[in-house]
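Remarks on the structure that follows.
The values are calculated or read from the model by the stated rules, or taken from the named source; none is laboratory data. Because the structure is predicted, anything quoted here is derived from the model rather than measured. Cβ: placed from backbone, ideal geometry, glycine included. Neighbour counts: every protein chain shown. Remember, those area values only see protein heavy atoms, side chains included, never the ligands or the DNA or RNA. Shrake-Rupley method; radii C 1.70, N 1.55, O 1.52, S 1.80 Å.
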Amino acid sequence: MAELNLLEAINQALDQAMANDERVYIIGEDVGQRGGVFRVTDGLHAKYGEKRVIDAPLAESIIIGSSIGAAMYGMRPIAEIQFADFIFPAFNQIISEAARMRYRSNNTWEVPLVIRAPYGGGIHGALYHSQSIEAFFTHIPGLKVVAPSTPYDAKAMLLAAIDDPDPVLFLEHKKCYRLIKGYVPDEHYTVPIGKADIAREGSDVSVITYGMMRHYAVEAAEMLAGEDINVEVVDLRSLVPLDRETIINSVKKTSKVLVLYEDNLFGGYGAEVAAIIAQDGFEYLDAPVQRLAGLDIPAMPYSTPLENEFLPTPSKIADTLRDLVNY
Amino acid sequence: MEKQDLLADYRTMVLIRSFEEHCQQQYTRARIGGFLHLYVGQEAVAVGAIGALKAQDHLVTHYRDHGHALARGLEPKPLMAELFGRSTGTGKGKGGSMHFADKNKNFWGGYAIVGAHLLLAMGIAYSIKYKREVLGEADQDGVVMCFFGDGATNGGEFYEAVSMAALYKLPIVFLCENNEFAMGTPLSVHTSVTEIHKKASPFMPGERVNGNDVEEMRARALHAVNHARTEGPYFLEAMTYRLRGHSAADPQMYRTRDDINARRSGDPIALLKQKLIDQNLLTEKQAKQIDKEVEKEMDAVVQFAEESPAPDLSEAWTEIYSKPL
Ligand SMILES: Cc1ncc(C[n+]2csc(CCOP(=O)(O)OP(=O)(O)O)c2C)c(N)n1
Ligand SMILES: [Mg+2]
């Protein structure tokens with residue numbers, strides 16, 4: 001057990017998976033000698049060599065397309081998209097091939113592929129280095145999509161994703177990388193994909209969220225604790241499959257719910273969560289389901305005040321929760 | 001064609017270098033944030049090649065765009081203000097380093113998604129031809145110059161762009177700045193065809209040129225631009241070397257200090273300075289004077305950025321649709 005940040009926890013999971021199974025290899029831009037832009041793959045090139053930690057040509061369609069073929073033929077590729085914003089040149093391969101392969105081949109082929117992608121804003125990345133991409137991919141059956149936000153979960157869910165026979169998009173919030181620390185067991189362990197986590201127990205109002213927003217929600221909850229408002233925070237961790245039971249149980253308990261996400265509000269992943277609560281949790285609700293999310297503007301602006309305006313922050317979350325409990 | 005003013009080119013190159021050094025300083029002071037890609041070491045490519053363009057020609061480039069913008073004659077003040085995220089910036093602080101643009105200068109901007117802009121550039125070239133041949137606009141005789149890096153030639157968009165440009169004989173110069181790295185990945189690791197111009201050779205004429213020699217760069221760019229204007233696409237591979245990290249925060253694990261130092265002899269500014277001194281066009285004293293003047297100009301540039309206001313929060317919601325929804 002050691003205290004690691006999110007990035008180190010992911011690095012450890014990659015290392016253990018590579019040590020355990022020679023079919024596992026890493027492919028991505030600058031993942032080799034440079035150790036990745038964020039240094040997530042640091043040390044792995046030296047340890048496992050250039051055949052297993054591949055500095056790919058600069059083309060996401062190569063990275064993903066080749067990985068799909070390799071996964072179908074029995075390999076266990078872990079593909080890194082340097083920034084989630086750059087995944088779109090590979091959108092075609094992910095949606096049209098990886099997600100559908102089992103369905104279109106009568107279960108003959110499967111795609112045990114993990115795609116890691118740093119996403120999210122709050123680091124002045126501006127228009128092309130800040131996006132949340134989950135809504136595009138959670139829309140597509142056949143893919144699993146996870147977004148762990150603690151070092152413990154990140155290691156466990158990455159190992160689970162590598163073991164998973166289906167393609168998994170593994171989203172890493174880049175602001176969490178060095179900021180979020182926690183204790184991580186040394187050994188190989190997993191958390192099942194599809195189970196939410198109660199990040200904080202509460203009785204007055206529920207926040208359903210994931211990614212960096214989990215930490216902001218907990219911060220907001222602590223601000224409100226002093227005002228005698230008791231906030232429950234549910235970290236979904238896994239977006240597809242979704243743990244509906246944990247969501248509805250929390251709604252039963254608190255009767256008021258805020259769905260919180262960083263992506264644009266309109267058509268975002270949280271819209272699905274809100275729809276599920278409206279349908280399955282209606283009789284437990286004492287207030288309309290609320291959503292707080294990123295602005296509906298084309299991209300996250302660069303300028304610090306505009307970036308802050310885009311993002312939900314702990315104080316915006318606290319304000320929304322105050323209004324909600326007073327409904 | 002006007003004779004190349006090497007002294008003016010020298011000054012522009014010094015300005016670009018100084019602009020970049022100031023960016024680095026301001027990044028260290030956290031006045032500039034995010035991702036900052038400096039052009040140090042590549043100045044002769046921008047100054048030589050862009051100097052071959054006329055006012056009616058067009059420039060499209062990638063995210064390492066500071067040098068291209070300055071070489072095209074954009075004012076440094078709004079550029080620095082953009083880097084500071086201020087309302088006086090070229091993009092009102094919304095875009096930052098990678099998206100400089102100025103319509104009045106036919107500078108269509110920097111694009112941060114590697115490879116994607118090659119197709120946009122090709123579309124602009126197509127419309128030049130269309131306007132001339134279909135709409136009868138005789139004054140549409142511009143050429144598009146599209147900059148990109150060696151790394152960008154690995155994606156499909158590269159081949160799509162050179163293929164269609166050749167098919168329709170479009171007025172476009174593809175200019176690859178081969179600085180031997182795509183971020184941390186050396187040329188020989190990211191491509192099997194390390195003479196990049198050969199990748200386009202089935203489609204169009206092209207050549208490799210010394211991108212650290214501003215005179216050669218200008219001469220070959222003029223040839224390329226003339227060819228594009230009269231016959232069709234042309235490919236230039238400018239050999240150069242980035243003396244700084246890929247971005248301001250790059251620990252450069254993929255090369256050593258010694259590797260970099262060994263390449264300082266190719267520093268385009270030092271080379272040009274020596275050439276000018278040898279030809280009695282410049283003295284050490286005058287060179288110092290130029291440095292001083294540029295330094296003074298840059299102080300005013302940074303001050304302008306510092307004193308400019310942040311954008312109003314309402315700016316987050318502007319410029320999304322032609323009319324707000
Ligand atoms: C589609 C896409 N993939 C990845 C990146 C991340 N990235 C930015 S620059 C770069 C390397 C580009 O190398 P090159 O084209 O040689 O240009 P240079 O930086 O050397 O000027 C990478 C991988 C990106 N911006 N867009
Ligand atoms: Mg390069």
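Some points to look at:
- Residue satisfying condition, being β-branched (Val, Ile, Thr) and open to solvent by 60 Å² or more (accessible area, probe 1.4 Å), within set A:320, A:313, A:304: A:304
- In region B:193-236, the residue that is most open to solvent (accessible area, probe 1.4 Å) out of those that are among the hydroxyl-bearing types (Ser, Thr, Tyr) and part of a loop (DSSP other than H, G, I, E, B) is B:201.
- Matching residues, region A:281-299, being within 14 Å of chain B (Cβ to nearest Cβ), surrounded by fewer than 20 Cβ atoms within 10 Å (Cβ to Cβ) and touching a strand residue (DSSP E or B) at 6+ places or on another chain (Cβ under 6 Å): A:296
- Residue count for region B:25-38 under the criterion of being buried (at least 16 other Cβ atoms within 10 Å of the Cβ) and in a helix (DSSP H, G or I): the result is 2.
- Taking the criterion of being within 14 Å of chain A (Cβ to nearest Cβ), among the hydrophobic types (A, V, I, L, M, F, W, C) and more than 13 Å from ligand 2 (Cβ to nearest atom), the only residue of region B:191-219 that qualifies is B:193.
- Within region B:251-280, the set of residues being surrounded by 13 or more Cβ atoms within 10 Å (Cβ to Cβ) and in a loop (DSSP other than H, G, I, E, B) comprises B:252, B:253, B:254, B:255, B:263, B:267.
- Number of the condition not met by residue B:267 [criteria: (1) farther than 29 Å from residue B:119 by Cβ; (2) touching a residue at least 12 places away in the same chain (Cβ under 8 Å); (3) within 14 Å of another protein chain (Cβ to nearest Cβ)]: (3)
- Scoring residue B:316 on the criteria (1) within 14 Å of chain A (Cβ to nearest Cβ); (2) assigned to a loop (DSSP other than H, G, I, E, B); (3) farther than 22 Å from residue B:21 by Cβ leaves a single failure, condition (2).
- Of the helices (runs of 4 or more DSSP H) that lie entirely inside region A:11-127, those containing 2 or more residues that are over 24 Å from residue B:255 (Cα atoms), at pLDDT 95 or above and away from chain B (no Cβ under 13 Å) span A:60-72, A:101-104.
- In a residue-by-residue description of region B:66-80, the property of being open to solvent by less than 40 Å² (accessible area, probe 1.4 Å), in contact with a Gly (Cβ under 8 Å, 6 or more places away or on another chain) and among the charged types (D, E, K, R) applies to no position.
- Test for residue A:28: is it in the same structural domain as residue A:92 (by TED's automatic domain parsing) and open to solvent by 20 Å² or more (accessible area, probe 1.4 Å): no
- Condition check for residue B:2: at pLDDT 95 or above, of a type outside the set (Phe, Trp, Tyr) and surrounded by fewer than 24 Cβ atoms within 10 Å (Cβ to Cβ): no
- Taking the criterion of being away from ligand 1 (no atom under 14 Å from the Cβ) and touching a Lys or Arg at 6+ places or on another chain (Cβ under 6 Å), the residues of region A:69-103 that qualify are A:75, A:76.
- The residue that is most open to solvent (accessible area, probe 1.4 Å), counting only those in region A:147-206 that are among the acidic types (Asp, Glu) and over 13 Å from the mean Cα position of the chain (by Cα), is A:201.
- Taken over region A:278-307, the residue count meeting the criterion of being part of a helix (DSSP H, G or I) and touching a residue at least 40 places away in the same chain (Cβ under 8 Å) is 2.
- Taking region B:39-88 and the helices (runs of 4 or more DSSP H) fully enclosed by it, the elements with 3 or more residues that are under 15 Å from residue B:214 (Cβ atoms) are at B:43-50, B:66-71.
- In region B:294-318, the qualifying residues are those that are open to solvent by 50 Å² or more (accessible area, probe 1.4 Å) and in contact (Cβ under 8 Å) with a residue 12 or more places away in the chain, and the one that is nearest to residue B:273 (Cα to Cα) is B:295.
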